[in-house]
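A.B. asks: Below is the structure I would like to discuss, written out as C-alpha cells.
The values are calculated or read from the model by the stated rules, or taken from the named source; none is laboratory data. Because the structure is predicted, anything quoted here is derived from the model rather than measured. Cβ placement follows ideal geometry from the backbone for every residue including glycine, while neighbour counts extend to all protein chains displayed. Each accessible area value is taken on the protein alone, full model and side chains, heavy atoms only, with ligands, DNA and RNA left out. Shrake-Rupley method; radii C 1.70, N 1.55, O 1.52, S 1.80 Å.
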Amino acid sequence: MMNRTHNTKTKTFSRTKTGVMTAMTLSLAMAAGSAQALTLYTAGPGSLAKKLAAGYEKQTGVKVDVFQATTGKVMARLEAEQANPRADVLISASWDTATDLGQRGWLLEYQSPNAAQVPAQFKTPYYVAQGISALGIVWNTKSGTTEPKDWGDLAKPEFKDKVTTPDPSLSGASLDLLIGLQNAHAQQAWKLFEDLKANGMIIAGPNAQALTPVLQGAKAAVFGAVDYVSYGSVQDGESVKVIFPSSGTVIAPRPMMILKSSQQQKEAKAFIDYVLSPEGQKLVADAWLMPARTDIDAKRPLFKSLKLLPEASQASASRKDVLDRFAKLFGQQ
C-alpha cells in the first residue's frame, strides 16, 4: 500500500516536473522569438515597407515591427528614444539624414554583398539606397490650366491660388529640392519662392496631403511632388501627369542603415540583404521607385534621363538655414 502511494506521488511529481519544464521551454522559445523580432523605422511608402517585411519574414522566420511616418516624425522619434533605442533598421527619404547620423557615430558599418550592382553614388560603408525617387510638378490635366514645363510656370497668373507644396520640415526630399534650387540659382531661387508665395501657393503638409487637393481638382498642381506617389495615382486612373522641369530637379535616394545600438545586428544585416536582393528590389520597383540596383527593371523614368540640379557642396547653405528662411517666408515662424 505504501509502495503504491509512493509510486503515485512519484508519477505525479514527474508529470508536474515535465509540465513545468515544457512550460519553461515554451516560455524560453517565445522569449527567443520575441528577441529576434526586428524593428524597422521607415519614411514611407507604408505599403512597400509591409511587403518587404512580409517577404523577409517568409524567408527568415523573423518578424518585423514597422513604424512608418514622415521623415520628420521618424527622426523625432529616433531622437526621443536615445535613452532606450528601439529601432534596428532605419529607411529615410533623405540622404542627408544618413549623413548626419553617420557623422554622429550612430550607424553600424555594413556592406551587403547584394549592393554590388548599386552605383557608388548611392552607397557608403554605413548606408545604401533602398530605391530612388525624383521630385517634379504634378499637374491635374483637367484643371483648365496650361501644362507647366518649368518651376516658374507655377508662379504665372493662371495658377493663382492653385498650387500646393509639401512642407519641407516634414519631407526631407522637399527640402532637398529647395537646396538644389538655391545651389543652382542662388538669390533667384528665393525670388521664385517669393513669387510662388505671392501667387497663393500653400504649404499643405506631408507629400500625400499636398497631392490630395490636386487629385480632387481643388488645386491644379504640386510644386515639388515626390514622383512615386503620383505614378501610383496615374496607374489608378487619376487625371494627373508627372512633369520633370526643364531647368532641372533633384533625386532623392532613400538610404537604409543599421543603428549601432541594435541588439539584432545579424537580423538587421539579413534585412538589408533581402531589400537589395532581386526579389526585394522588384518590390521597390513595383512601388514606382527607381530600384537602387541597376540590373533591376523600373516602371518609370530613371535618374539618368533627368536633368539634375547641382548637389550640395561645402558652399551650400545649411539645411536648417534654408528651412528657417522658407518657413519665415511662408509665415510659419
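A.B. asks: Can you report the number of residues in segment 149-171 which are more than 20 Å from residue 216 (Cβ to Cβ) and among the hydrophobic types (A, V, I, L, M, F, W, C)?
C.D. replies: Here the count works out to 3.
A.B. asks: Quick check on segment 161-183. Is at least one of its residues buried (at least 20 other Cβ atoms within 10 Å of the Cβ), farther than 30 Å from residue 90 by Cβ and among the basic types (Lys, Arg)?
C.D. replies: Among the residues of segment 161-183, at least one is buried (at least 20 other Cβ atoms within 10 Å of the Cβ), farther than 30 Å from residue 90 by Cβ and among the basic types (Lys, Arg), which makes the answer yes.
A.B. asks: So residue 218 fits all but one of (1) open to solvent by 20 Å² or more (accessible area, probe 1.4 Å); (2) within 28 Å of residue 49 (Cβ to Cβ); (3) not hydroxyl-bearing (Ser, Thr, Tyr); what number is the exception?
C.D. replies: (2)
A.B. asks: For residue 229, indicate whether it is modelled with pLDDT under 95, among the hydrophobic types (A, V, I, L, M, F, W, C), within 19 Å of residue 47 (Cα to Cα) and crowded, with 19+ Cβ neighbours inside 10 Å.
C.D. replies: yes
A.B. asks: For segment 236-268, name all the residues that are buried (at least 16 other Cβ atoms within 10 Å of the Cβ), touching a helix residue (DSSP H, G or I) at 6+ places or on another chain (Cβ under 9 Å), part of a loop (DSSP other than H, G, I, E, B) and in contact (Cβ under 8 Å) with a residue 60 or more places away in the chain.
C.D. replies: Within segment 236-268, 244, 245, 248, 250, 262, 264 qualify.
A.B. asks: Moving on to the next point. Can you name the strands (runs of 3 or more DSSP E) wholly within segment 42-153 that have at least 2 residues being open to solvent by 40 Å² or more (accessible area, probe 1.4 Å)?
C.D. replies: Where strands (runs of 3 or more DSSP E) fall fully within segment 42-153 and carry at least 2 residues being open to solvent by 40 Å² or more (accessible area, probe 1.4 Å), they are 64-68.
A.B. asks: Identify, please: which residue in segment 309-333 is open to solvent by 70 Å² or more (accessible area, probe 1.4 Å) and either outside any loop (DSSP other than H, G, I, E, B) or at pLDDT 95 or above (or both) and is, among those, farthest from residue 123 (Cα to Cα)?
C.D. replies: Out of the qualifying residues, it is 328.
A.B. asks: Quick one: residue 278 ticks every box in (1) surrounded by fewer than 14 Cβ atoms within 10 Å (Cβ to Cβ); (2) out of contact with any helix residue (DSSP H, G or I) (no Cβ under 9 Å at 6 or more places or on another chain) except a single one, so which number is it?
C.D. replies: Single failed check for residue 278: (2).
A.B. asks: To continue, here is another question. Return the residue satisfying two criteria in turn: it lies in segment 196-209 and is modelled with pLDDT of 95 or more and within 21 Å of residue 144 (Cβ to Cβ), and of such residues it is surrounded by the most Cβ atoms within 10 Å (Cβ to Cβ).
C.D. replies: 201
A.B. asks: When you go through (1) under 30 Å from residue 79 (Cα atoms); (2) not in a helix (DSSP H, G or I) one by one for residue 273, which number turns out not to apply?
C.D. replies: Looking at each condition in turn, residue 273 falls short on (2).
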